[in-house]
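Here is the structure we will look at, set down as structure tokens.
The values are calculated or read from the model by the stated rules, or taken from the named source; none is laboratory data. Just so it is clear, the model here is predicted, and its values are computed rather than measured. Neighbour counts are summed over all protein chains in view; Cβ atoms, including those assigned to glycine, are modelled from backbone coordinates with ideal geometry. For accessibility, only protein heavy atoms count, side chains too; no ligands or nucleic acids. Shrake-Rupley method; radii C 1.70, N 1.55, O 1.52, S 1.80 Å.
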Amino acid sequence: MNTSAMNDDVLTPRLDWRWKGFPPAAGAVTADTIREQKWNVLAGDMLLPVMVMKESALQHNLGTVASFCRERGVSLAPHGKTTMAPQLVRRQFDYGAWAVCAATVSQARIFRAFGAPRVLIANEVVDAAAITWIAQEKDRHPEVELYSLVDSIAGVSLMIEALEAHRMQSQLSVLVEIGAPGARAGCRTADEALAVADAVAGSGRLRLAGVEGYEGIIHRDGMDATLAAIDTYLDTVRTVTHDLAARGLFADQSEVIVSAGGSAYFDRVVERLTEPWDIGIPARIVLRSGCYLTHDDGHYDRLSPFGSVRGDARLRPALEVWGAVLSRPEPELAIVGFGKRDVPYDRELPVIRKVMTRRGDVRSPDGGLVVTALDDQHAYVRVEGDMLEVGALIGCGISHPCTAFDKWPLIPVVDDDYNVIDAVRTFF
């Protein structure tokens with residue numbers, strides 16, 4: 001992936017008033033010269049609140065998951081919607097990613113603009129404008145691989161109609177999506193999947209490249225019941241793939257793509273889908289984990305195979321949000337200067353990990369400080385036996401990184417001493 005294909009000022013913009021968290025700078029400071037400024041988050045150089053990424057955690061997580069995939073013989077197409085940061089996606093490609101995933105064609109356009117050679121749109125595409133873009137992109141760049149999903153004959157018909165109107169020169173590659181009862185898109189029965197696959201095979205405009213599913217939407221009461229339901233679902237994905245192969249629908253292909261695996265249960269995907277296949281051609285198992293890159297201090301820390309509850313090999317949380325104590329209006333209440341505009345709150349509230357006193361001492365709060373609520377720009381912190389002073393700094397871990405990156409168009413990257421060494425641009 002070649003991010004240098006874009007103008008320098010796209011990824012390394014001038015650090016001016018457009019980028020929250022960054023201080024006023026003397027002269028023409030750009031993101032690629034940020035290390036030279038010798039800014040430090042805990043020294044008071046940044047405007048608060050600020051969300052930072054820790055370089056050592058990023059590096060660790062990239063290597064951990066790349067090694068996992070390599071040792072188990074599976075491919076990785078990290079879901080780019082998590083970060084929408086071409087600089088980070090490039091690093092994932094550098095660590096061996098097979099492709100990048102997108103949830104929408106608009107996202108796919110961004111990754112293609114930065115040179116991604118293979119994009120899996122892990123969603124159905126049914127609107128004519130989106131299908132036309134895919135066709136145009138394939139016609140302009142025949143060497144690029146673009147995939148999308150189908151789960152209905154109606155969807156297949158819409159794709160064919162748009163492709164015929166465009167007179168696409170090559171076929172568009174699609175994967176049949178297998179869904180789960182009560183979940184989102186995807187064929188609900190094997191018979192539905194076979195009918196959709198037959199429609200693809202007979203279209204002349206589409207090429208059946210494989211089968212796709214997403215197990216992360218499956219939830220039951222308790223972890224054991226959830227894992228059992230996920231295993232059953234993955235067995236269905238496997239059975240449907242075998243059935244399609246038995247009908248000769250992959251006969252003209254060199255491999256079959258079988259893709260599943262979010263950030264929570266990708267170990268189950270590997271366990272169920274890497275067992276030997278008897279379909280006459282190789283099966284490429286493609287994981288789509290995205291949140292592993294930065295991990296978190298909440299949702300994925302509990303659910304990930306490399307989290308604190310389920311895993312032995314640990315991922316490290318890379319995101320922290322820092323804010324100042326603005327007010328102590330009540331003995332057990334502190335108001336901190338970050339809110340819904342700055343931190344994710346769709347899964348859980350931020351978790352306070354560090355406090356820096358006005359004297360510069362950094363310590364752990366030992367559970368005595370809890371974020372209980374957020375307004376747009378304020379956090380309500382319950383204080384238990386802690387003399388938290390106005391002006392102290394609080395560093396928080398977050399839960400669910402997918403809703404953290406969209407709040408920060410330019411994110412400072414820091415070393416373990418909180419020196420700012422880089423900046424990452426996001427495109428939401």
- Item | Matching residues, the stretch 174-187, being more than 23 Å from the chain's Cα centre (by Cα) and either crowded, with 19+ Cβ neighbours inside 10 Å or at pLDDT 95 or above (or both) | Cys187
- Look through the stretch 402-427, keep the residues that are under 19 Å from Leu11 (Cα atoms) and β-branched (Val, Ile, Thr), and return whichever of them is most open to solvent (accessible area, probe 1.4 Å). Ile421
- Filtered residue count, the stretch 15-27, keeping only those that are in contact with a helix residue (DSSP H, G or I) (Cβ under 8 Å, 6 or more places away or on another chain) and either open to solvent by less than 10 Å² (accessible area, probe 1.4 Å) or modelled with pLDDT of 90 or more (or both): 1
- Message: From the list Asp267, Asp224, exactly one residue is over 20 Å from Tyr147 (Cβ atoms), out of contact with any helix residue (DSSP H, G or I) (no Cβ under 6 Å at 6 or more places or on another chain) and crowded, with 17+ Cβ neighbours inside 10 Å. Which is it?
- Response: Asp267
- Which numbered condition trips up Arg184, out of (1) in contact with a Leu (Cβ under 9 Å, 6 or more places away or on another chain); (2) closer than 27 Å to Pro305 by Cα; (3) touching a residue at least 12 places away in the same chain (Cβ under 8 Å)? (1)
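Which members of the stretch 143-154 meet the condition of being under 27 Å from the mean Cα position of the chain (by Cα) and open to solvent by 10 Å² or more (accessible area, probe 1.4 Å)? Reasoning before the result, please.
Initial filter on the stretch 143-154 (under 27 Å from the mean Cα position of the chain (by Cα)): 143-152.
Correct list: Glu143, Glu145, Tyr147, Asp151, Ser152.
Within the stretch 279-296, is there a residue that is free of Cβ contacts under 8 Å to residues at least 12 places away in the same chain and either outside any strand (DSSP E or B) or under 22 Å from the mean Cα position of the chain (by Cα) (or both)?
Going residue by residue through the stretch 279-296, those that are free of Cβ contacts under 8 Å to residues at least 12 places away in the same chain are none.
No: zero hits.
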- Task: Could you grab me the full set of residues in the stretch 196-210 that are buried (at least 16 other Cβ atoms within 10 Å of the Cβ) and not in a strand (DSSP E or B)?
- Result: Val196, Ala197, Asp198, Ala199, Val200, Ala201, Ser203, Arg205
- Query: Would a scan of the stretch 83-104 turn up a residue that is aromatic (Phe, Trp, Tyr) and in contact with a helix residue (DSSP H, G or I) (Cβ under 8 Å, 6 or more places away or on another chain)?
  - Reply: yes
- Message: Condition (residue is of a type outside the set (Ser, Thr, Tyr), modelled with pLDDT of 95 or more and within 22 Å of Pro78 (Cβ to Cβ)) applied to the stretch 327-342: is it met by at least one residue?
- Response: no
- What number goes with the only condition from (1) within 22 Å of the chain's Cα centre (by Cα); (2) outside any helix (DSSP H, G or I) that Gln169 does not pass? (1)
- Message: Condition first: aliphatic (A, V, I, L, M), modelled with pLDDT under 95 and open to solvent by 30 Å² or more (accessible area, probe 1.4 Å). Now tell me which residues in the stretch 28-77 satisfy that.
- Response: Ala28
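Limited to the stretch 198-228, what total is found for residues that are of a type in the set (S, T, N, Q) and closer than 20 Å to Asp243 by Cα? Explain how you work it out, then say what you get.
Filtering the stretch 198-228 for residues of a type in the set (S, T, N, Q) gives 203, 226.
Next, only the ones that are closer than 20 Å to Asp243 by Cα stay: 203.
Number satisfying all stated conditions: 1.
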- For Gln59, the lone unmet condition from (1) more than 23 Å from Leu11 (Cβ to Cβ); (2) without any contact (Cβ under 8 Å) to a residue 12 or more places away in the chain; (3) not aromatic (Phe, Trp, Tyr) is (1)
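Listed here are the residues, each with its yes/no results for (1) in contact with a Ser or Thr (Cβ under 6 Å, 6 or more places away or on another chain); (2) in a loop (DSSP other than H, G, I, E, B); (3) within 30 Å of Thr12 (Cβ to Cβ).
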site	(1), (2), (3)
Trp98	yes, yes, yes
Ile110	no, no, yes
Leu120	no, no, yes
Asn123	no, no, no
Leu149	no, no, no
Ile160	yes, no, no
Glu164	no, no, no
Glu177	no, no, no
Gly182	no, yes, no
- Residue by residue through the stretch 76-99, note down the ones that are closer than 15 Å to Asn2 by Cβ and of a type in the set (Phe, Trp, Tyr). Phe93
- Query: Assuming Ser399 fulfils every condition listed in (1) touching a His at 6+ places or on another chain (Cβ under 6 Å); (2) within 26 Å of Leu15 (Cβ to Cβ) apart from one, which condition is it?
  - Reply: (2)
- Scan the stretch 299-349 residue by residue and report those that are open to solvent by less than 40 Å² (accessible area, probe 1.4 Å), in a strand (DSSP E or B) and either of a type in the set (Lys, Arg) or under 20 Å from Pro412 (Cα atoms) (or both). Leu319, Glu320, Val321, Trp322, Gly323, Ala324
